[in-house]
Amino acid sequence: EDLAVTRDVSVGGMFLNDPNPFPAKSVVSLAFRLSPTAPLLACRGEVMYSIKGVGMGVMYTDISDEVRQALEKFVDEAN
């Protein structure tokens with residue numbers, strides 16, 4: 001289990017700050033909260049690019065309607 005921080009979340013994916021990112025094309029399971037009090041959301045993703053010492057860009061690949069709606073609401077409110 002690897003914990004990472006993100007400040008870059010979109011409806012299609014997220015960038016995870018992690019000094020030891022997984023290699024590109026890795027399939028990952030994500031579990032995250034959009035705020036400290038928000039419910040835990042889970043989905044699968046694929047690492048699209050990886051920058052050693054910095055982090056990785058992950059695109060969601062298997063995402064429920066519930067998670068997608070929560071992300072859309074979060075992104076709309078952030079803009």
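Charged side chains reduced to their Cβ positions (Lys and Arg at +1, Asp and Glu at -1) give the chain a dipole of some 200 debye around its Cα centre. Per residue, the accessible area of the chain comes to 68 Å², computed with a 1.4 Å probe over protein heavy atoms only. Loop-resident trypsin sites (Lys or Arg not before Pro) (DSSP state other than H, G, I, E or B) in the range 4-79 with no more than 16 further Cβ atoms inside 10 Å of their Cβ: K25, R33, K52. Expressed as a whole percent, the accessible surface of the chain that belongs to carbon and sulfur atoms is 53, based on a 1.4 Å probe. FRET efficiency for the A70 to L3 pair, using the beta carbon distance and R₀ = 22 Å, is estimated at 0.65.
When all alpha carbon pairs of the chain are counted in 10 Å bins from zero, the resulting P(r) reads 19, 55, 25, 1 %. The GluC sites (Glu not before Pro) found in the chain that occupy coil by DSSP, while having at most 11 further C-beta atoms within 10 Å, are E1.
The values are calculated or read from the model by the stated rules, or taken from the named source; none is laboratory data. Being a predicted model, the structure only gives us computed values, none of them experimental. A quick note on method: Cβ atoms are made from the backbone with ideal geometry, for glycine too, and the neighbour counts reach across all protein chains shown. Surface areas here come from the heavy atoms of the whole protein model, side chains and all, with no ligands, DNA or RNA. Shrake-Rupley method; radii C 1.70, N 1.55, O 1.52, S 1.80 Å.
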